[in-house]
Amino acid sequence: MGKNRDVILIVDDEMMIRHLLVQKLTKEGYECFQTGSADEAMCFLEDRVLDAVILDIRMPGKTGLELLNDIKTNHPDIVVIMASAVTDTSITIDCIRQGADDYIAKPFNLDEVVITLQKALEKRRLQLQIKQYQLFLENRVEERTADIRKSFLGAIESLVTALEAKNRYTAGHSRRVALMAVQIGTRLGLSEDDIEDLRWGGLFHDVGKIAVDQLIQNKPGRLTTEEYEHIMIHAHVSAGIVKPLVNDKVVDMIIHHHDHFNGRGLYQVVAGTDIPLAARILAVADAFDAMTSERPYRPAMSVKDALAEIARNIGAQFDPNVATVFLKTGAGALSYSLDEEYSGKSL
């Protein structure tokens with residue numbers, strides 16, 4: 001009989017914590033195992049096929065971060081969720097950058113642990129689906145490259161559309177951003193290959209939000225600093241999901257699409273024209289669509305007001321050249337109707 005339950009390993013030096021997690025997750029239908037150290041966990045990984053590891057950061061001997069690196073090097077398809085009483089956001093960011101799929105803080109809310117695990121496993125299944133599409137298309141080598149790209153893009157668009165459809169506030173967002181980014185890139189005279197990269201970047205830029213807490217993402221009030229930082233992790237998560245499938249330009253534009261032109265974005269390391277041009281284009285398209293879409297905490301802005309907001313942030317959040325081109329386009333020169341596009345017109 002084939003495996004029909006996700007297999008979870010809990011790695012923590014505190015026995016009581018392991019016991020509570022095993023008890024809760026077993027009731028939720030998971031098959032659970034536990035170890036008290038990183039070395040024990042490595043031995044366990046050699047003998048069993050796992051779907052996910054819940055891993056304490058600070059343990060005697062080898063740390064959780066060191067074990068995270070070993071797992072992602074030798075078992076890249078295993079979901080890893082880091083756990084610690086440390087609440088420093090920089091630790092969270094470091095975990096995500098080193099490959100962790102999510103992060104939970106002690107003391108645990110066990111229901112939140114379950115939700116976090118479910119999201120991480122769903123993200124993993126999405127990644128595996130994408131890989132399957134890639135392998136399928138690579139095997140069709142007798143077909144023309146253009147046909148393969150079209151088929152692959154259609155498959156990915158379907159996956160992203162299905163993901164976004166679960167949230168009425170984001171439905172169609174990535175498709176619209178991709179189209180607007182392509183419009184801007186075309187008016188800037190980018191090459192056909194760069195336009196294709198923009199299309200991919202637009203479709204993929206928010207796929208990492210599958211790892212974002214939906215309660216935070218759909219919060220009706222103002223976000224706290226910690227909640228905002230949690231949401232902004234999605235750029236790195238998105239890049240990690242699609243990295244095996246796309247070129248470095250697409251990965252870079254996704255990582256940097258929330259960078260501000262003046263260098264004052266969250267955890268930003270480059271500024272101005274050092275930000276990839278495609279990311280600067282994506283930033284404008286993404287912001288415009290977000291502003292003109294309804295959100296839990298505000299109604300949709302009018303097109304006129306959104307364009308005015310972009311104009312106010314030229315040189316600060318947005319590249320002056322890119323924003324100026326978009327404003328001219330958005331003021332009436334777009335080659336499609338916003339109303340028609342928002343009603344479901346295909347890319």
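The values are calculated or read from the model by the stated rules, or taken from the named source; none is laboratory data. Predicted model only: the values in this text are computed from it and were never measured. Cβ atoms come from the backbone with ideal geometry, glycine included; neighbour counts cover every protein chain shown. Just so you know, the surface numbers come from the protein's heavy atoms only, side chains and all, with ligands and any DNA or RNA stripped out. Shrake-Rupley method; radii C 1.70, N 1.55, O 1.52, S 1.80 Å.
What is the set of long-range amide H partners of Cys32 at a cut-off below 5 Å, with H atoms built 1.01 Å from backbone N?
Long-range HN contacts for Cys32: Ile8.
For Asp39, what is the net charge nearby, where nearby means another residue's Cβ is under 12 Å from its Cβ and Lys, Arg count +1, Asp, Glu -1?
Within the 12 Å Cβ shell, the charges total -4.
Rank Glu226, Glu28 by accessible area, highest first, at a 1.4 Å probe radius? Walk me through the intermediate numbers first.
Values: Glu226 120, Glu28 90 Å².
If we order Glu226, Glu28 from most to least accessible, we get Glu226, Glu28.
Pop the C-beta distance of Asp94 and Glu31 into the FRET formula with R0 = 25 Å and round what comes out to the nearest 0.05.
0.25
Which whole-Hz couplings ³J(HN,Hα) result when phi for each residue of the stretch 42-59 is put into the Karplus expression 6.51 cos²θ - 1.76 cosθ + 1.60, θ = phi - 60°, listed in order with x for Gly and Pro?
Going residue by residue, I get 4, 5, 5, 5, 6, 9, 9, 8, 10, 9, 8, 10, 9, 10, 5, 6, 9, 9 Hz, with x marking Gly and Pro.
Amide H of Phe318 versus every other amide H placed in the peptide plane: which residues, excluding those fewer than 5 positions away on the same chain, fall under 5 Å?
For Phe318, the qualifying residues are Phe261.
How much accessible surface area, in Å² rounded to 10, belongs to the heavy atoms of Arg18 with a 1.4 Å probe?
30 Å²
May I ask you to compute the full-extension gain from Arg222 to Asp13, defined as 0.36 nm times their residue separation minus their alpha-carbon distance, rounded to one decimal in nm?
71.5 nm is the gain from fully extending Arg222 to Asp13.
Where Lys and Arg each count +1 and Asp and Glu each count -1, what net charge lies around Pro76 among other residues with Cβ under 12 Å from its Cβ? Numbers along the way, then the final one.
Numbers: positive: Lys72, Arg124, Lys131, Lys243; negative: Asp70, Asp77, Asp101.
Around Pro76, the charge tally is +1.
How much FRET efficiency would the formula 1/(1 + (r/R0)^6) give for Leu128 and Asn69, where r is the Cβ-Cβ distance and R0 is 35 Å, rounded to 0.05?
It comes to 0.95.
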